[in-house]
Structure formats: structure tokens, C-alpha cells
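Below: one structure, written as C-alpha cells.
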Amino acid sequence: MKAADVRPFIEALAAANPDAESELTYTDAFTLLVAVVLSAQATDASVNRSTPALFAAAPDPAAMAALGTDGIAPYIRTIGLWQSKARHVAALAARLVEAHGGQVPSDRAALEALPGVGRKTANVVLNIAFGEATMAVDTHIFRLGNRTGLAIGRTPRAVEDKLVRRIPPAMLRPAHHWLILHGRYVCRARTPECWRCAGAQWCTYPAKTEPKRSRAA
């Protein structure tokens, strides 16, 4: 995608979904952090089905740490990789209590030092909870960046770095939501729905799709 086309492409996605926001259910930085950790290799919908009961039982780091791995596990058994995630959530809650006074740190290094928290999770928390202009590259944004030509890269970090360089600074923070939802619902993995893509005219994907014709037609 040409540099001159980046802004209109992002603006088109914004116009199509102006109120885009995270689809995870959370109430504060801590519940957001836990929800994002649980969402790794799982859908937001599956996480949202489990977290209301979990957060009711343990709404803060101290209560979550008190639950421990065995106490957390029953709440999240329907989420993929629940065994390791239960360990991570228990450990990160304990770490927050021990090292951060029960508060979620707003520092990237401190976030990434928490059990189960990598760069993508830290970017989401920094973006949503602390208002930083970060770009969290999940599978949807990685695919969209490469497919559209917006940010071509072999790794999530390479795509992230290109998106940060190419997207206008004032648009970068909300662009995370515009891109992820566009990738989730329009620029789908198997078959992108190019015919209803607001940014199709700037996208460089060569095999653009058209609506399937009904049998009656």
C-alpha cells in the first residue's frame, strides 16, 4: 500500500466502525489484564462467558492470588489452554500484590515481567487502560497488515513496527480497534469479504472477492 493511501484507508475503516472498542468484558485495568491473558489462542466470546463469575469471586489481585491456581481453574475450564492460564493468572495476581501494591503497572517492562504477559498483552493494556498509542498485533491484524499491504512483515513485531511508522500518530491508538475488528468480521482469514470492505479501493490484495450468487440467481 502506498504511503499516501494509508490515511484514507484507516479513515475509511474508522468511518465504517466509529465506535470500535475491545469486545472483552472488563471493569478496570486488572480485569482487563486478566481477560487479555485468558484470550490468548481463544475467542473473546469464550473469555466473556467465563470471566463474570471469576471476577465476581476475585475482583482484585489480592482476591485472585488468594484463589490460587486450583481456585481459578474451575471458572475457566471452557477456555483453551486453561491449565496454564490458571497458573499464569494466579502468579501474575500474586506478583501485582507483592511488587506493585496490587496495582497494574503502566510501564511496559513491568507489564512484560508479569507471568503470562507478552508484548501483545502489554500493548493492549497500555492502549486501553492507560491511553497509550500502542499497536497490539494479534492474528487478525497480522493477517490484515500483510494481506492489504498496509504493513508487510514476517513476524508480529515487524508488522507492529511498520504500523506504528505508517499510521498517523493521532490515529494510532484507536486504529488498533479499527484494524482488529475489521480483520475479525470483514477481512476474514479464509475468505475476505472485499465487496463490503470500506477500504477496498486502497487495499493491494490482488484476489478481491465478490458476493456469492444465490442459487436462485
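The values are calculated or read from the model by the stated rules, or taken from the named source; none is laboratory data. The structure presented is a predicted model; accordingly, all values stated were derived computationally and were not measured. Ideal geometry is used to build each Cβ from the backbone, glycine not excepted, and the neighbour counts take in all protein chains shown. The area values use the complete protein model at the heavy-atom level, side chains included, leaving out ligands, DNA and RNA. Shrake-Rupley method; radii C 1.70, N 1.55, O 1.52, S 1.80 Å.
Could you tell me which of the residues 159, 104, 97 is open to solvent by less than 40 Å² (accessible area, probe 1.4 Å) and in a helix (DSSP H, G or I)? So that I can check it myself, show each step before the final result.
Values: 104 fails: in a helix (DSSP H, G or I); 97 fails: open to solvent by less than 40 Å² (accessible area, probe 1.4 Å).
None of the other options fit; the residue is 159.
Under 6 Å between Cβ atoms, at least 6 apart or on separate chains: pull out the pairs that start in segment 45-59 with a residue that is in a loop (DSSP other than H, G, I, E, B) and of a type in the set (A, V, I, L, M) and end on any residue that is at pLDDT 95 or above and buried (at least 21 other Cβ atoms within 10 Å of the Cβ).
58/64
May I ask you to list the residues in segment 63-95 that are among the hydroxyl-bearing types (Ser, Thr, Tyr) and either under 23 Å from the mean Cα position of the chain (by Cα) or not assigned by the TED database to the domain that holds residue 41 (or both)?
Result: 75, 78, 84.
Which of the residues that make up segment 152-177 are among the hydrophobic types (A, V, I, L, M, F, W, C) and over 17 Å from the mean Cα position of the chain (by Cα)?
152, 167, 170
Exactly one condition in (1) among the hydroxyl-bearing types (Ser, Thr, Tyr); (2) open to solvent by less than 30 Å² (accessible area, probe 1.4 Å); (3) under 23 Å from residue 145 (Cα atoms) is false for residue 31; which is it?
(3)
Here's the yes/no breakdown for (1) under 21 Å from residue 21 (Cα atoms); (2) buried (at least 18 other Cβ atoms within 10 Å of the Cβ):
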position	(1), (2)
131	yes, no
144	yes, yes
148	no, yes
152	no, no
173	yes, no
195	no, no
205	no, no
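Answer yes or no as to whether residue 91 is more than 18 Å from residue 122 (Cβ to Cβ) and either at pLDDT 95 or above or surrounded by fewer than 16 Cβ atoms within 10 Å (Cβ to Cβ) (or both).
no
For segment 16-44, which residues satisfy the criterion of being within 10 Å of residue 79 (Cβ to Cβ) and not in a helix (DSSP H, G or I)?
First pass over segment 16-44, keeping only residues within 10 Å of residue 79 (Cβ to Cβ): 38-43.
Within segment 16-44, 39, 40, 41, 42, 43 qualify.
In segment 178-185, is there at least one residue being part of a loop (DSSP other than H, G, I, E, B) and either within 23 Å of the chain's Cα centre (by Cα) or at pLDDT below 95 (or both)? Steps first, answer last, please.
Taking segment 178-185 as the starting set, the residues that turn out to be part of a loop (DSSP other than H, G, I, E, B) are none.
Looking through segment 178-185, none of the residues is part of a loop (DSSP other than H, G, I, E, B) and either within 23 Å of the chain's Cα centre (by Cα) or at pLDDT below 95 (or both).
Looking at 70, 138 in this structure, which one is open to solvent by 20 Å² or more (accessible area, probe 1.4 Å), without any contact (Cβ under 8 Å) to a residue 60 or more places away in the chain, of a type outside the set (Lys, Arg) and closer than 30 Å to residue 186 by Cβ? Let's see the steps before the verdict.
Numbers: 70 fails: closer than 30 Å to residue 186 by Cβ.
Only one candidate passes the filter, namely 138.
Taking the conditions exactly as written (outside any helix (DSSP H, G or I), in contact with a Lys or Arg (Cβ under 8 Å, 6 or more places away or on another chain), at negative phi and of a type outside the set (D, E, K, R)), does residue 69 satisfy them or not?
No: the conditions fail for residue 69.
If the requirement is being part of a loop (DSSP other than H, G, I, E, B) and more than 22 Å from residue 176 (Cβ to Cβ), which of these qualifies: 115, 74?
115
If a residue has to be of a type in the set (A, V, I, L, M) and within 17 Å of residue 164 (Cβ to Cβ) to count, how many in segment 107-124 make the cut? First the steps, then the outcome.
Pass one, segment 107-124, residues of a type in the set (A, V, I, L, M): 109-111, 113-114, 117, 122, 124.
Pick out the ones that are also within 17 Å of residue 164 (Cβ to Cβ) and you get 122, 124.
Here the count works out to 2.
Based on what the data block shows, is residue 54 touching a Gly at 6+ places or on another chain (Cβ under 8 Å) and surrounded by 22 or more Cβ atoms within 10 Å (Cβ to Cβ)?
Here the answer is no, as residue 54 does not meet what is asked.
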